[in-house]
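Please read the structure below before turning to the comments.
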Amino acid sequence: MLARHQLDHIAQRITGQDIRLVGCWEPLPGLQEYTAEYSRELGVSEGSLLRCRDIVAVLDLGGDKRASRASDDGYPSLL
């Protein structure tokens with residue numbers, strides 16, 4: 001799961017808006033206008049990003065890809 005503060009920094013860089021006080025159940029500000037930029041920063045497809053109705057869905061979508069990587073011994077890595 002992507003941390004909320006990381007998403008806040010990404011949104012600040014992309015839109016120039018401070019979204020720290022935006023509720024988690026509200027739509028991500030600027031998503032329609034900056035879909036390609038958000039998609040690139042989060043490492044997800046534009047289509048899956050546009051299906052997100054609120055910030056919580058975006059956080060779940062942009063999961064931590066490092067945790068799912070397998071380590072050398074075949075077990076999932078926690079790094």
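Some observations on this one:
- Filter result (of a type outside the set (A, V, I, L, M) and outside any loop (DSSP other than H, G, I, E, B)) within the stretch 37-52: E37, Y38, S39, R40, E41, E46, G47, S48
- Qualifying residue in the stretch 26-36 (condition: among the aromatic types (F, W, Y), part of a loop (DSSP other than H, G, I, E, B) and buried (at least 16 other Cβ atoms within 10 Å of the Cβ)): yes
- Among (1) surrounded by fewer than 18 Cβ atoms within 10 Å (Cβ to Cβ); (2) out of contact with any Phe, Trp or Tyr (no Cβ under 9 Å at 6 or more places or on another chain), the one test that E46 misses: (2)
Every number here is computed from the coordinates shown, using simple stated rules; none is lab data. Being a predicted model, the structure only gives us computed values, none of them experimental. Cβ atoms come from the backbone with ideal geometry, glycine included; neighbour counts cover every protein chain shown.
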